[in-house]
Amino acid sequence: MEDLTNITDEELRRVIQMVRTIDDVDLGQFQPIILRHRVCRFAALQGYESVSKLVEKLITDRSLIHIFLQKLTVPTTEMFRDAEFWTELEAIINDKLSAERFIKIWVPDICGDDELNTLLVILSRNNLMHKATIYATSQFQQVIDNSHESYIDTKKFEISEANFKRINNDNTLLPYLERLEKYYKFSPNLLEKVIFIKHCLSKDTPPDKGFNLVLFRNRSLYYNPTTRRTAIEKIGQSLIPGGYLAIGSGENLDDTDQQAMLVQVSKNEKIYKKKQ
């Protein structure tokens with residue numbers, strides 16, 4: 001496989017423009033080095049002898065672009081990953097949000113169904129599904145479709161089950177799953193409560209306003225600086241006073257207008273509360 005530096009800026013621009021035209025997906029919001037890496041990874045998976053050959057094919061073969069977009073995102077691999085975070089978030093949901101008459105939650109830019117499903121389990125465990133409205137958005141239609149169905153293979157179930165038991169003693173995820181022949185399916189009764197929307201953070205307005213919680217972990221680090229600031233600012237503005245924003249432990253609010261509007265309530269897990 002050729003070196004990443006051999007993917008020229010012009011080739012990247014051509015791919016970005018073609019994808020935007022065909023699928024209305026803006027790859028330009030990603031950091032160039034990340035996009036270069038993902039194009040290179042896809043080329044290797046497809047068996048192309050060079051990235052330049054793949055770029056030529058992407059530009060001329062529209063069907064390959066759809067396959068490319070399906071493989072572009074790097075999905076999460078398990079439910080209840082990062083036990084400390086989910087323990088803190090569940091405490092906030094149970095102690096702070098459960099008293100609200102309605103709870104409105106947004107999970108923007110989902111890259112898979114694991115975090116969304118984990119959130120749904122927490123809401124169900126705390127008997128809050130009846131008062132919750134949950135939005136899940138992505139600019140990738142395939143991600144939305146997969147999350148809406150949410151099939152879980154045996155290996156992922158075993159890892160997720162182990163995570164869940166570590167923070168919930170001997171409890172099990174099985175009540176939230178349907179056992180099929182070779183895999184599991186996450187509870188359709190819970191998933192039907194989720195409003196799935198194709199949505200681009202860099203150009204679209206939030207799907208609603210007045211959110212009590214936005215779960216945006218480990219996503220902004222993939223964006224270029226301009227898109228990152230735009231995303232954080234839109235998300236922060238969509239929160240109600242007293243609402244919570246969860247970002248990744250390695251992320252921050254630097255250089256955004258929300259830095260002055262949000263107070264950190266968990267230093268380690270990077271959970272913030274909007275000033276009232």
Handout entry: Top-ranked residue in region 115-148 [being more than 22 Å from residue 72 (Cα to Cα) and among the charged types (D, E, K, R); ranked as modelled with the highest pLDDT]
Key = 131
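Yes/no matrix, rows are residues, columns are (1) in contact (Cβ under 8 Å) with a residue 40 or more places away in the chain; (2) surrounded by fewer than 14 Cβ atoms within 10 Å (Cβ to Cβ):
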{"position": "16", "(1), (2)": "no, no"}
{"position": "25", "(1), (2)": "yes, no"}
{"position": "28", "(1), (2)": "yes, no"}
{"position": "36", "(1), (2)": "no, no"}
{"position": "41", "(1), (2)": "no, no"}
{"position": "49", "(1), (2)": "no, yes"}
{"position": "55", "(1), (2)": "yes, no"}
Practice task
Would you mind stating whether residue 183 is under 21 Å from the mean Cα position of the chain (by Cα) and touching a residue at least 24 places away in the same chain (Cβ under 8 Å)?
Solution key: no
Fill in the blank from the handout: Heads up, the strands (runs of 3 or more DSSP E) in region 187-276 (entirely inside) with at least 3 residues that are touching a helix residue (DSSP H, G or I) at 6+ places or on another chain (Cβ under 6 Å) are 211-216
Exercise for the section: Restricting attention to region 220-276, report how many residues are hydroxyl-bearing (Ser, Thr, Tyr), under 23 Å from residue 32 (Cα atoms) and either surrounded by fewer than 21 Cβ atoms within 10 Å (Cβ to Cβ) or not assigned by TED's automatic domain parsing to the domain that holds residue 205 (or both). Expected result: 7
Exercise for the section: Working only within region 249-271, note down all residues that are of a type outside the set (Asp, Glu) and touching a Ser or Thr at 6+ places or on another chain (Cβ under 8 Å). Expected result: 268, 270
Problem - Residues located in region 76-97, provided they are β-branched (Val, Ile, Thr) and either surrounded by 18 or more Cβ atoms within 10 Å (Cβ to Cβ) or in the same structural domain as residue 158 (by TED's automatic domain parsing) (or both) - result: 76, 87, 92, 93
Exercise for the section: Considering each of 159, 167, 92 in turn, give the residue that is over 22 Å from residue 197 (Cα atoms) and in contact with a helix residue (DSSP H, G or I) (Cβ under 6 Å, 6 or more places away or on another chain). Expected result: 167
Fill in the blank from the handout: Among 30, 42, the single one that is closer than 30 Å to residue 265 by Cβ and not assigned by TED's automatic domain parsing to the domain that holds residue 133 is 30
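The values are calculated or read from the model by the stated rules, or taken from the named source; none is laboratory data. This structure is a prediction, so every number in the text was calculated from the model and none was measured. With ideal geometry, Cβ positions are generated from the backbone for all residues, glycine too; neighbour counts draw on all protein chains shown.
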